[in-house]
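Accompanying notes for the structure given below.
The values are calculated or read from the model by the stated rules, or taken from the named source; none is laboratory data. Note that the structure is predicted; figures quoted are calculated from it, not measured. So basically every Cβ, Gly included, is an ideal-geometry build from the backbone, and we count neighbours across all protein chains shown. What goes into the accessible areas is simple: the full protein's heavy atoms, side chains included, and nothing from ligands, DNA or RNA. Shrake-Rupley method; radii C 1.70, N 1.55, O 1.52, S 1.80 Å.
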Amino acid sequence: MLVATICLFFLCQVKAQNTSPEPLSGNELTKDFISANLIYPEEELANKNSGKVVIALHIDIDGKGSNHQVKSSFSEAASPIALDLVKKIIWKPATSIALPVESDFEYTIDFNAKNYNRYWKKHERIAIPLTLEADDSYEIFENKMLEEYAQPYFADGSNMGQYIYGNLRFPAEAQEREIQGTVRLSFIVETNGNVSNIIIVNSVGGGCDNEAVRLIQETHWIPGIKNGKYVRSRNMQDITFRIGQRNYQDGNSY
């Protein structure tokens, strides 16, 4: 009996150390990214057709996806859209006995006409003034490799500091527990000016991390430029939560 219990415990421990790939920024943030960037085929949307596109890919030990292929699709027009979205995801690789391993994986993009229409009733479409061709290699560039860095775009002419100062909502939990500090986020500015793959590099807690992510999610950018084309680029942003700092969105001092 004791031997069987030990063996069962060991098997459970090994299983716990084996994981499947998942988006590095987490499933929920990835779903948010897909909702904001999914382009519904016009004919399917007009006919209220919904369905799924399954993308098969290989993920290496560094989390880089390759060999992307459409395994199944409810619509021929939806296939390249889903393929493009999955190619933009950075992955946390599968593990075996807690070590990263290469794996074959499938990821599903849902096309739901009702949810799509509901999303865009609640969100504003921002027309970013883009004038250059977009690079289609999916390569991610560091800022030092660019001819021009990505720049946040605000239609009212404000800058990032003004945007954060005017829109930051100090979390109630952080106020109650007197938590303050600086959240640092890493994220990718895509060639269409939207952000993806948001990662919390420095955490503060107390709801501050979630609020910092929300602020960055809602920004739009003029993408970075290399060889005369808009490219994907990795960016960092610090967002500071300081008790006693005034927020002009609601007029309160925290």
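Looking at the structure I just gave you, is VAL201 at pLDDT 95 or above and touching a Gly at 6+ places or on another chain (Cβ under 8 Å)?
Taking the combined requirement at face value, the residue does not satisfy it.
Do we find that ALA56 is part of a helix (DSSP H, G or I), modelled with pLDDT of 95 or more, among the hydrophobic types (A, V, I, L, M, F, W, C) and touching a His at 6+ places or on another chain (Cβ under 8 Å) in this structure? Step through it out loud before you land on a result.
Values: part of a helix (DSSP H, G or I): no; modelled with pLDDT of 95 or more: yes; among the hydrophobic types (A, V, I, L, M, F, W, C): yes; touching a His at 6+ places or on another chain (Cβ under 8 Å): yes.
No.
Limited to the stretch 21-51, what total is found for residues that are over 20 Å from ALA113 (Cα atoms) and either surrounded by 12 or more Cβ atoms within 10 Å (Cβ to Cβ) or among the charged types (D, E, K, R) (or both)?
Here is the first cut: in the stretch 21-51, the ones over 20 Å from ALA113 (Cα atoms) are 21-27, 29.
Among the residues that remain, those that are also either surrounded by 12 or more Cβ atoms within 10 Å (Cβ to Cβ) or among the charged types (D, E, K, R) (or both) are: 21-26, 29.
Result for the stretch 21-51: 7.
Return the pair list, or none, for Cβ contacts closer than 6 Å from residues in the stretch 18-34 that are in contact (Cβ under 8 Å) with a residue 60 or more places away in the chain to residues that are open to solvent by 80 Å² or more (accessible area, probe 1.4 Å), at least 6 apart or on different chains.
GLU22/LYS92; LEU24/LYS92
Among the numbered criteria (1) open to solvent by less than 80 Å² (accessible area, probe 1.4 Å); (2) of a type in the set (A, V, I, L, M); (3) at pLDDT below 95, which single criterion is violated by LEU130?
(3)
In a strand (DSSP E or B), of a type in the set (A, V, I, L, M) and within 27 Å of ALA46 (Cα to Cα), is that true of ILE109?
On the way: in a strand (DSSP E or B): yes; of a type in the set (A, V, I, L, M): yes; within 27 Å of ALA46 (Cα to Cα): yes.
Against the criterion (in a strand (DSSP E or B), of a type in the set (A, V, I, L, M) and within 27 Å of ALA46 (Cα to Cα)), ILE109 qualifies.
How many of the residues making up the stretch 71-99 are without any contact (Cβ under 8 Å) to a residue 24 or more places away in the chain and open to solvent by 60 Å² or more (accessible area, probe 1.4 Å)? Break it down stepwise before answering.
Quick first cut of the stretch 71-99, residues without any contact (Cβ under 8 Å) to a residue 24 or more places away in the chain only: 72-73, 76, 80, 84, 99.
After this cut, where a residue has to be open to solvent by 60 Å² or more (accessible area, probe 1.4 Å) as well, the list is 76, 80, 99.
The total comes to 3.
Any idea how many residues of the stretch 60-106 are among the charged types (D, E, K, R) and not in a strand (DSSP E or B)? Give the derivation first.
Of the residues in the stretch 60-106, the ones among the charged types (D, E, K, R) are 60, 62, 64, 71, 76, 84, 87-88, 92, 102, 104, 106.
Now restrict to residues that are not in a strand (DSSP E or B): 60, 62, 64, 76, 84, 87-88, 102.
Matching residues across the stretch 60-106 total 8.
For the stretch 20-46, give me each residue that is among the polar types (S, T, N, Q) and either within 17 Å of ASP110 (Cβ to Cβ) or modelled with pLDDT under 95 (or both). Spell out how you get there, then give the answer.
Going through the stretch 20-46, the residues among the polar types (S, T, N, Q) turn out to be 20, 25, 27, 30, 35, 37.
Of everything in the stretch 20-46, those that are among the polar types (S, T, N, Q) and either within 17 Å of ASP110 (Cβ to Cβ) or modelled with pLDDT under 95 (or both) turn out to be ASN27, THR30, SER35, ASN37.
Just to check your reading of the model, which residue among GLY207, GLY228 is in contact with a helix residue (DSSP H, G or I) (Cβ under 7 Å, 6 or more places away or on another chain), at positive phi and open to solvent by 20 Å² or more (accessible area, probe 1.4 Å)?
On the way: GLY228 fails: in contact with a helix residue (DSSP H, G or I) (Cβ under 7 Å, 6 or more places away or on another chain).
Residue meeting the stated conditions: GLY207.
GLY161 versus (1) within 17 Å of ARG214 (Cα to Cα); (2) small (Gly, Ala, Ser); (3) buried (at least 18 other Cβ atoms within 10 Å of the Cβ): which is the lone unmet condition?
(3)
Only one residue in ARG169, ARG125 is open to solvent by 90 Å² or more (accessible area, probe 1.4 Å), touching a strand residue (DSSP E or B) at 6+ places or on another chain (Cβ under 8 Å) and within 21 Å of THR219 (Cβ to Cβ), so which one is that? Give the derivation first.
Values: ARG125 fails: touching a strand residue (DSSP E or B) at 6+ places or on another chain (Cβ under 8 Å).
On inspection, the qualifying residue turns out to be ARG169.
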